[in-house]
């Protein structure tokens with residue numbers, strides 16, 4: 001009888017992690033990601049300094065920025081980073097919260113796995129809890145009724161970030177910007193342009209009712225300031241087009257050469273004469289402007305900028321009501337835009353063109369000023385968060401108390417709901433409620449307070465019916481967060497919870513991980529122990 005030979009199904013360069021080992025590795029990776037970002041949560045959170053291989057430095061406490069910059073290699077960790085990106089895209093804030101919740105849900109699921117509760121049962125319990133939370137949100141949220149509330153929402157989003165010292169000023173600028181570009185309750189965030197200028201004080205940041213361009217006049221002899229601007233936007237070059245195919249020009253006499261050169265100048269002068277005759281005194285061109293055309297325009301006192309980005313051309317159109325034209329032959333009075341002033345300003349090493357005083361602009365510019373690039377970048381992230389939450393609150397029209405108040409109230413209601421369940425799903429719902437309490441617990445911990453005492457008092461207050469009570473970290477006390485102005489859009493919380501549940505469920509379903517070191521799309525090896533994902537060159 002011949003001896004059976006072993007059958008090799010997988011190639012040698014494929015490593016495989018099975019069952020509980022696979023689950024433990026993935027859960028551990030999620031916990032590590034959660035631990036990385038949790039110290040940044042809240043107004044008293046700490047910053048991270050991220051240094052890449054080229055020596056570039058980023059100092060931030062923005063969750064999604066941290067997860068993007070640290071270049072995660074572990075597949076499960078990457079999934080957590082993805083939901084943080086989704087949170088940032090959808091609602092503009094809550095990226096740290098969503099990563100922490102996902103990590104805590106998986107950490108709590110591990111306790112149930114150790115009790116031999118099947119992942120499917122845990123997932124079912126989590127889904128039941130998430131569905132119940134949606135119903136609870138209707139009972140514990142409040143309507144957004146004024147601009148003052150929107151300002152408080154913006155200030156809450158910027159708390160603990162670089163802009164905190166001037167958060168009231170930035171909140172006013174953000175609400176004014178959103179109000180200006182809003183169409184009903186819809187806000188196109190692309191219509192709020194953010195420009196940064198280094199070398200001035202943060203307190204000098206301003207909202208421009210128009211567009212600021214990182215450009216200067218095409219010709220030094222052009223005027224640097226135009227009052228009552230009549231603006232023309234063109235998306236074709238003010239220069240002669242080169243022949244598309246290879247072209248030969250036969251010239252036999254000096255006179256023919258001079259005629260050829262002169263004909264080019266005549267063609268360019270004809271183009272500029274049409275612009276001059278139209279009455280336009282400011283031109284923004286998406287393409288190039290020939291030196292000869294620049295000369296004629298400058299001679300007539302016309303301000304012109306060239307090579308304007310397509311996105312900026314669209315913003316200029318929305319701000320000034322000008323139409324972007326493709327042919328001078330069809331130029332009409334309705335194609336022009338208007339602005340009180342177009343001005344070129346030099347500030348330090350920056351030369352910027354300001355288009356100010358537009359009538360009812362549907363695109364505006366937030367001009368951020370600061371001492372260093374690191375400060376400017378972090379303020380920009382804070383301002384983007386503020387813009388995101390204000391537009392979300394305006395669109396959804398609902399808000400919830402911050403400071404951990406909403407999480408404590410949802411956890412309390414979920415525990416009551418869990419008592420109505422009979423199966424093992426009840427344990428999953430209880431773990432879900434405990435995961436929600438991780439947010440106020442971390443807020444207290446980051447502020448140097450006693451998390452156990454804070455949680456105990458919060459629970460006691462919510463049992464008494466004070467559903468708005470949360471942690472005010474500026475005073476270190478528990479108080480009514482709506483009255484204290486610690487407010488967040490409902491969508492930030494609902495999106496964070498639903499995303500965290502989805503990724504936790506997906507990771508819990510994984511019981512087999514196969515990694516090929518020869519595959520360019522999954523180039524690496526699993527390591528045991530810490531469950532890392534080790535890249536291979």
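Here are some notes:
- Test: residue in region 187-210 that is more than 30 Å from residue 358 (Cβ to Cβ) and within 24 Å of the chain's Cα centre (by Cα): no
- Of residues in region 468-484 being closer than 21 Å to residue 40 by Cα and crowded, with 16+ Cβ neighbours inside 10 Å, the one modelled with the lowest pLDDT: 473
- Among the residues of region 334-362, just one is out of contact with any strand residue (DSSP E or B) (no Cβ under 9 Å at 6 or more places or on another chain) and either closer than 13 Å to residue 226 by Cβ or part of a loop (DSSP other than H, G, I, E, B) (or both), namely 360.
- The set of residues in region 353-365 that are under 25 Å from the mean Cα position of the chain (by Cα) and either over 17 Å from residue 215 (Cα atoms) or at pLDDT below 90 (or both) comprises 361, 362, 363.
For (1) touching a strand residue (DSSP E or B) at 6+ places or on another chain (Cβ under 8 Å); (2) modelled with pLDDT under 85, each residue gets a yes or a no:
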position: 3; (1), (2): no, yes
position: 10; (1), (2): yes, yes
position: 27; (1), (2): no, no
position: 30; (1), (2): no, no
position: 40; (1), (2): yes, no
position: 48; (1), (2): yes, no
position: 75; (1), (2): yes, no
position: 79; (1), (2): no, no
position: 84; (1), (2): no, no
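- Any hit, region 422-439, residues being surrounded by fewer than 19 Cβ atoms within 10 Å (Cβ to Cβ) and without any contact (Cβ under 8 Å) to a residue 60 or more places away in the chain: yes
- Matching option when the condition is within 22 Å of residue 451 (Cβ to Cβ) and buried (at least 16 other Cβ atoms within 10 Å of the Cβ), among 111, 48: 48
- Out of 103, 55, 125, one residue alone is in the same structural domain as residue 466 (by TED's automatic domain parsing) and in a loop (DSSP other than H, G, I, E, B). It is 55.
- Considering region 453-467, and only residues there that are within 13 Å of residue 410 (Cα to Cα) and in contact with a strand residue (DSSP E or B) (Cβ under 7 Å, 6 or more places away or on another chain), the residue that is surrounded by the most Cβ atoms within 10 Å (Cβ to Cβ) turns out to be 458.
- Filter result for residue 449 (in contact with a strand residue (DSSP E or B) (Cβ under 9 Å, 6 or more places away or on another chain), surrounded by fewer than 20 Cβ atoms within 10 Å (Cβ to Cβ) and assigned to a loop (DSSP other than H, G, I, E, B)): yes
- Within this structure, residue 56 passes the test of being modelled with pLDDT of 85 or more, surrounded by fewer than 17 Cβ atoms within 10 Å (Cβ to Cβ) and farther than 22 Å from residue 167 by Cα.
- Residues being farther than 15 Å from residue 319 by Cβ, in a strand (DSSP E or B) and in the same structural domain as residue 298 (by TED's automatic domain parsing) - total across region 187-244: 6
- Taking the numbered list (1) closer than 24 Å to residue 171 by Cβ; (2) in a loop (DSSP other than H, G, I, E, B) in turn, residue 493 passes all entries but (2).
- Qualifying residue in region 308-318 (condition: modelled with pLDDT under 95, more than 24 Å from residue 210 (Cβ to Cβ) and surrounded by fewer than 19 Cβ atoms within 10 Å (Cβ to Cβ)): no
- Among the residues of region 150-185, those identified as touching a helix residue (DSSP H, G or I) at 6+ places or on another chain (Cβ under 8 Å), farther than 13 Å from residue 390 by Cβ and not in a helix (DSSP H, G or I) are 159, 161.
- Screening region 366-442 for helices (runs of 4 or more DSSP H) wholly inside it with 1 or more residues that are over 21 Å from the mean Cα position of the chain (by Cα) returns the ranges 405-418, 425-436.
- When 304, 267, 280 are checked against the criterion of being in a helix (DSSP H, G or I), over 30 Å from residue 154 (Cβ atoms) and more than 26 Å from the chain's Cα centre (by Cα), 267 stands alone in meeting it.
- Whenever a residue of region 216-228 is within 9 Å of residue 305 (Cβ to Cβ), its partners that are at pLDDT below 95 and assigned to a loop (DSSP other than H, G, I, E, B), lying with C-beta atoms within less than 6 angstrom and at least six residues away or across chains, give the pairs 218/306.
The values are calculated or read from the model by the stated rules, or taken from the named source; none is laboratory data. It should be emphasised that the depicted structure is a prediction, and the values quoted were computed from it without experimental measurement. Positions of Cβ are backbone-derived with ideal geometry, glycine not excepted, and every protein chain shown enters the neighbour counts.
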